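One structure is given below, encoded as structure tokens.
The values are calculated or read from the model by the stated rules, or taken from the named source; none is laboratory data. Just so you know, these numbers come straight off a predicted model, no measurement behind them. Neighbour counts run over all protein chains shown; Cβ positions are idealised from the backbone, glycine included. The protein model used for the area step is the full one, side chains on, heavy atoms only, and it has no ligands, DNA or RNA in it. Shrake-Rupley method; radii C 1.70, N 1.55, O 1.52, S 1.80 Å.
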Amino acid sequence: MNFAKVFSAELEGIEAKLIEVEVDLNIGLHEFNIVGLGDKAVSEAKERVSAALKNSGLKPPAKENRKITVNLAPADVKKTGSQYDLAIALGYLLASAQVKNIETAGRIFIGELALDGSLRPVAGALNVALMAQRTGFKTIYLPIQNAREINIVSGLEIIPVPSLSALLDHFENINPLIPEEIGGFKPTRPTGTDITEIKGQEAAKRALIITAAGGHNILMSGPPGSGKTMLAQALNSIMPPLTLDEAIESSAIWSAAGLLRGNYLSARPFRAPHHTASPAALTGGGSNPRPGEISLAHRGVLFLDELPEFRRDILESLRQPLESGEISIARARRSLLFPSRFILVAAMNPCPCGYWGDPEKECRCTAYEIFRYQKKISGPLLDRIDIQIIVPRLKLNELQKPAGDSRSYRTAVTKARGVQAERFRKARRKIVTNAEMTSKDCDELIKLSPEADLFLRQVFDRSRLGARGYYRLLKTARTIADLDGSELVGKNEIAEAFQLKVKEG
């Protein structure tokens, strides 16, 4: 047998594509070529494979007086990374008849070979497993370090492979490898700041509950030391736990970025990039596009501290994902979509010195400095932030009071999310929170009482709300009604939603 075909996968963004690894041996002077539009890591696979075969007690290509051609098909798809090593090595062993004929149909092989023949973990293992499940493959062979991150994918046999020699012993039935058990999904609570650690700030806590219940974006403004950062860090502590579908979505993004550490995500992500982050770091991109911070925060929280310190172009790049829940990364050859359904939590000082409006400390900024500082955040971006609150300086007596019970906060949020889930299920909407509703969803699913309808008309005329602001106000009011257990949105809910939106200027 001079030809063999083994299946592997390529990662494009967060989507895995099936790649056929074809190995052909021809009589002639020794030559080892890898074709199929591979990058430097792919072309270097021949050196890793040769050394791994030699150190595993097998005949390496260097001792073959034959021309070896490895084709990664389809040839017009760019191949990146080292995950093809295992498939290339196995294909060569089959083509050179060093192992018995192994059935490769229905099986996917991924893994980077070390020079001693052991396997190193690769990025995107979960994405490859999801592709295998979707396309009808039955078994995946992968590095042992990647096995736990994909054991939430049902209907797929997962074979952890410690080394190339161990894989061959498995196929020879000398020492069969034990499949990874499909584990039950077990969500966990995020570690970090709990809302019980925050003293006072009851109005801000109420805003956080509404934020968590409806998935709304929030901007907190206040003097230094008022607790804005702690409030942001505490948001995840009152969020409902991840569902299995949400965990798979988020974990696939982290897997593609190579950030999973041997296990899937079991708690909602919290990402807090520094204001010096580049556009590609925040939104994703690069020569081989990878997810950015807004995608790593999918189904979790993206915290932007000192919001006006971020570059203007970076802030403006958030407008599309805040509206659609995904970010499009366009390149000359392809365009990729990354999920970006996060809750934006932003914090800022009211002025450069931080004390404008503070009753106890004098602001030293001029009116122009304050105006220029606040204008760093554009109107269209502010329009996409449903809740905008002032977080004032705490008094001493508030700091000495005991904090609230986080369990009651979580219970209220979880109950409101359950109400939304049932409403969307009945309406056959594939959305999770009120913040995800479209204008059409709002018209069909949000019912106002007569008093609320009249009050909303008055608010709309006097505040000069735009269409986006109108629907975002409705969605926030719907969340408040869900927290209160009300089927109709009443006047009080509209009033509170309107209060939570600080007007520009």
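Just so you know, in segment 243-273 the residues that are in contact with a strand residue (DSSP E or B) (Cβ under 7 Å, 6 or more places away or on another chain) and part of a helix (DSSP H, G or I) include one that is farthest from A412 (Cα to Cα), and it is A256.
Under the condition of being in contact with a helix residue (DSSP H, G or I) (Cβ under 8 Å, 6 or more places away or on another chain) and surrounded by fewer than 18 Cβ atoms within 10 Å (Cβ to Cβ), the residues counted in segment 279-296 number 3.
Scanning segment 68-109 for residues that are modelled with pLDDT of 95 or more, under 14 Å from V49 (Cβ atoms) and in a loop (DSSP other than H, G, I, E, B) returns S82, Q83, Y84. For segment 218-242, a tally of residues being open to solvent by less than 10 Å² (accessible area, probe 1.4 Å), closer than 25 Å to Y373 by Cα and in a loop (DSSP other than H, G, I, E, B) returns 2.
Scanning segment 243-268 for residues that are in contact with a Ser or Thr (Cβ under 7 Å, 6 or more places away or on another chain) and either open to solvent by 10 Å² or more (accessible area, probe 1.4 Å) or of a type in the set (S, T, N, Q) (or both) yields a count of 5.
Consider A207 carefully, then state whether it is touching a strand residue (DSSP E or B) at 6+ places or on another chain (Cβ under 6 Å) and part of a helix (DSSP H, G or I). In short, yes. Only one entry in R429, R410, R417 is within 23 Å of the chain's Cα centre (by Cα), at pLDDT below 95 and under 20 Å from P241 (Cβ atoms), namely R410.
I need the full set of residues from segment 365-407 which are aliphatic (A, V, I, L, M), outside any helix (DSSP H, G or I) and more than 34 Å from the chain's Cα centre (by Cα), in order please. Of everything in segment 365-407, just one residue is aliphatic (A, V, I, L, M), outside any helix (DSSP H, G or I) and more than 34 Å from the chain's Cα centre (by Cα), namely L394.
Is there a residue being farther than 20 Å from I178 by Cβ, polar (S, T, N, Q) and not in a helix (DSSP H, G or I) anywhere in segment 124-145? No, segment 124-145 contains no residue that is farther than 20 Å from I178 by Cβ, polar (S, T, N, Q) and not in a helix (DSSP H, G or I).
Could you check how many residues of segment 446-464 are open to solvent by 30 Å² or more (accessible area, probe 1.4 Å) and aliphatic (A, V, I, L, M)?
Within segment 446-464, the first condition is being open to solvent by 30 Å² or more (accessible area, probe 1.4 Å), and the residues that meet it are 447-448, 450-451, 453-455, 457-458, 460-464.
When the remaining residues are screened for being aliphatic (A, V, I, L, M), the result is 448, 454.
Qualifying residue count, segment 446-464: 2.
Against the list (1) touching a Lys or Arg at 6+ places or on another chain (Cβ under 6 Å); (2) open to solvent by less than 20 Å² (accessible area, probe 1.4 Å), the condition E31 fails is (2). Strands (runs of 3 or more DSSP E) fully within segment 308-357 that include at least 3 residues being touching a residue at least 24 places away in the same chain (Cβ under 8 Å), open to solvent by less than 10 Å² (accessible area, probe 1.4 Å) and closer than 19 Å to A277 by Cα: 343-348. When we screen L177, L168 for residues that are part of a helix (DSSP H, G or I) and either open to solvent by less than 70 Å² (accessible area, probe 1.4 Å) or not aromatic (F, W, Y) (or both), the only hit is L168.
As a summary of the residue check, T196 satisfies the conditions (1) in contact with a helix residue (DSSP H, G or I) (Cβ under 6 Å, 6 or more places away or on another chain); (2) of a type in the set (S, T, Y); (3) modelled with pLDDT of 95 or more except for the one numbered (3).
In this structure, is K475 within 30 Å of the chain's Cα centre (by Cα), modelled with pLDDT under 95 and within 30 Å of S408 (Cβ to Cβ)? Criteria not met by K475.
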